[in-house]
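The values are calculated or read from the model by the stated rules, or taken from the named source; none is laboratory data. As the structure is a prediction and not an experimental result, all values here were calculated from the model. When we count neighbours, we look across all protein chains shown, and the Cβ atoms used for this are built from the backbone with ideal geometry, even at glycine. The protein model used for the area step is the full one, side chains on, heavy atoms only, and it has no ligands, DNA or RNA in it. Shrake-Rupley method; radii C 1.70, N 1.55, O 1.52, S 1.80 Å.
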Amino acid sequence: MSIRTHLLRAPLAVAALAAITAGSALPASAAPAPVTPAPVTASPVAVTAASGGELFPELNGWRIRAAGSDDVYLVLDGMRRLIPSSVTFNALFSGTDGIRQVLTVDNIADGGPLTAYAYLARTADAPTVFLVSDGVKREITPAAMDTFGFDPQKVRTTYAWVLAGLPSAAPLT
C-alpha cells in the first residue's frame, strides 16, 4: 500500500477508532472533513513499477536479503531479481561476503527470478564477459564486474556461436 493511500485513510481510521473506544457510533456531524494530503513527490530515481515496488537503479549490483529470510536477490535494472538457488549463486559469485541484510525487499520492484543456472560467459578469442540469463546475454563492463561482485574465476569459456545465437540486452555498466 502506498504512502498516499495511508495518508488518505488515516483520518477515517482515527475517527472510527475513537468511536469504537468511546463505545458510541460516530455521529454524522462528527465525520471528519475530507483531508487533502500534501503532495507526495517521488525522487527522480524512484519510479513506481508494475509490481507495486519502486525502481532503485542506485542499488544496482547489490545482493540483498530481507531480515529473517534465506532468499537472496540481485538488484538489476533497479529491480530485485531472486537468485533461485545456491547453484546459480555459486555460478556468479565467489562468496556471501557482499550480501547486505535489509529489513524488507517488498519496496523494491520485483523483476522476477534470474534463470536457474544463469552464468557468466565469454568466448576464447574475446575478453568481453556476458551475464547469460532469461534467454539473453548482457555485456558486463570491467567496472560492473566489481560493482556486482561477479567472480572472474566463474566465467565460462564457450563457443562464439553459442553467444552469437542469444539476443543482446542492455549492458551492465
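Answer with yes or no whether Asp77 is within 21 Å of Arg156 (Cβ to Cβ) and charged (D, E, K, R). Walk me through it before giving the result.
On the way: within 21 Å of Arg156 (Cβ to Cβ): no; charged (D, E, K, R): yes.
For Asp77, the condition - within 21 Å of Arg156 (Cβ to Cβ) and charged (D, E, K, R) - is not met.
What's the number of the only condition in (1) assigned to a loop (DSSP other than H, G, I, E, B); (2) of a type outside the set (Asp, Glu); (3) closer than 17 Å to Pro171 by Cα; (4) open to solvent by less than 60 Å² (accessible area, probe 1.4 Å) that Ala144 fails to meet?
Tallying (1) assigned to a loop (DSSP other than H, G, I, E, B); (2) of a type outside the set (Asp, Glu); (3) closer than 17 Å to Pro171 by Cα; (4) open to solvent by less than 60 Å² (accessible area, probe 1.4 Å), Ala144 fails exactly one: (1).
In this structure, does Leu74 turn out to be within 9 Å of the chain's Cα centre (by Cα) and touching a residue at least 12 places away in the same chain (Cβ under 8 Å)? I'd like the intermediate steps shown before the answer.
Working: within 9 Å of the chain's Cα centre (by Cα): yes; touching a residue at least 12 places away in the same chain (Cβ under 8 Å): yes.
It is true that Leu74 is within 9 Å of the chain's Cα centre (by Cα) and touching a residue at least 12 places away in the same chain (Cβ under 8 Å).
Counting only residues that are more than 19 Å from Met79 (Cα to Cα) and of a type in the set (Ser, Thr, Tyr), which one in segment 120-135 is surrounded by the fewest Cβ atoms within 10 Å (Cβ to Cβ)?
Of everything passing the filter in segment 120-135, Thr128 is surrounded by the fewest Cβ atoms within 10 Å (Cβ to Cβ).
If I go through segment 49-103 residue by residue, how many of them are of a type in the set (A, V, I, L, M, F, W, C), open to solvent by 30 Å² or more (accessible area, probe 1.4 Å) and in a loop (DSSP other than H, G, I, E, B)?
Adding up the residues that qualify gives 6.
Within the bounds of segment 149-168, is there any residue that is of a type in the set (Val, Ile, Thr) and open to solvent by 80 Å² or more (accessible area, probe 1.4 Å)?
As a first pass, look at segment 149-168 and keep what is of a type in the set (Val, Ile, Thr): 155, 157-158, 162.
Next cut, open to solvent by 80 Å² or more (accessible area, probe 1.4 Å) only: 157.
Yes, some residue in segment 149-168 is of a type in the set (Val, Ile, Thr) and open to solvent by 80 Å² or more (accessible area, probe 1.4 Å).
Determine, yes or no, whether Asp106 is part of a loop (DSSP other than H, G, I, E, B) and farther than 18 Å from Asp151 by Cα. First the steps, then the outcome.
On the way: part of a loop (DSSP other than H, G, I, E, B): yes; farther than 18 Å from Asp151 by Cα: yes.
The answer is yes for Asp106.
If Thr88 passes every condition in (1) within 16 Å of Arg63 (Cα to Cα); (2) in contact with a strand residue (DSSP E or B) (Cβ under 6 Å, 6 or more places away or on another chain) but one, which one does it miss?
Result: Thr88 fails condition (2) only.
Do we find that Ala126 is aliphatic (A, V, I, L, M) and either part of a strand (DSSP E or B) or touching a residue at least 60 places away in the same chain (Cβ under 8 Å) (or both) in this structure?
Taking the combined requirement at face value, the residue does not satisfy it.
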